[in-house]
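What follows is one structure encoded as structure tokens, with my remarks underneath.
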Amino acid sequence: MKNNKKQRLITRILVLLVLAIAIVFTIYNSLTKEKQKVLKVGDEAPDFMLVDLNGENHQLSNYKGQGVFLNFWGTWCAPCKKEMPAMGRQYEVYKNQGVQVLAVNIAESDLKVQTFADQYGMVFPTLIDKTKSVMQAYNVKPLPTTFLIDPNGEIIKIITGEMSEKDIQGYMESIKPW
């Protein structure tokens, strides 16, 4: 009987020790973890380079002097399906006025993205963030999320959720360089 009590005491001490170690590790991890900067209006847009469906490189810094309509989306996203045709129509209006659209898909297959682009008539550069590094740099949570970047490379607005065609037109107007 005395041996049983001793074994239970040792087991309890070990369990408490493991719990204490887990708690200390969690606290240490949260205190030393590198914080992801949350972007806000007025911040400089983080530079990145991604490849489009045609195999061409697109680096954000190469668009300095132009307004950039940076849209993060997914093929499964219902609001994305609704706004893509409107984005395409407005891109056709504004592309010769210094406004560029970069549509960044979040880590889906080339085939899936190409099928979606064909189906929804995406006439602007369609990029795939295969590693989600750009999504993380921009701290994108819900899709769709759009960043309006002025000709100086500064974020002037962050839009989460679906946009109407009228919204898109107004946003593109707001980032025109002249």
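Is at least one residue of region 5-26 over 24 Å from Asp150 (Cα atoms), part of a loop (DSSP other than H, G, I, E, B) and of a type in the set (S, T, N, Q)? No, every residue in region 5-26 fails to be over 24 Å from Asp150 (Cα atoms), part of a loop (DSSP other than H, G, I, E, B) and of a type in the set (S, T, N, Q).
Within region 44-96, the residues that satisfy the criterion of being hydroxyl-bearing (Ser, Thr, Tyr) and either under 21 Å from Lys166 (Cα atoms) or over 15 Å from the mean Cα position of the chain (by Cα) (or both) are Ser61, Tyr63, Tyr91, Tyr94. Please go through region 58-93 and pick out each residue that is assigned to a strand (DSSP E or B) and either within 24 Å of Pro142 (Cβ to Cβ) or not assigned by TED's automatic domain parsing to the domain that holds Ile149 (or both). Those that are assigned to a strand (DSSP E or B) and either within 24 Å of Pro142 (Cβ to Cβ) or not assigned by TED's automatic domain parsing to the domain that holds Ile149 (or both): His58, Gly67, Val68, Phe69, Leu70, Asn71, Phe72, Trp73. Can Glu108 be described as over 20 Å from Asn57 (Cβ atoms), of a type in the set (D, E, K, R) and at pLDDT 95 or above? It is false that Glu108 is over 20 Å from Asn57 (Cβ atoms), of a type in the set (D, E, K, R) and at pLDDT 95 or above.
The values are calculated or read from the model by the stated rules, or taken from the named source; none is laboratory data. Fair warning: this is a prediction, and the values are worked out from it, not measured in the lab. For neighbour counting, all protein chains shown are included, and Cβ atoms are generated from backbone atoms with ideal geometry for every residue, glycine included.
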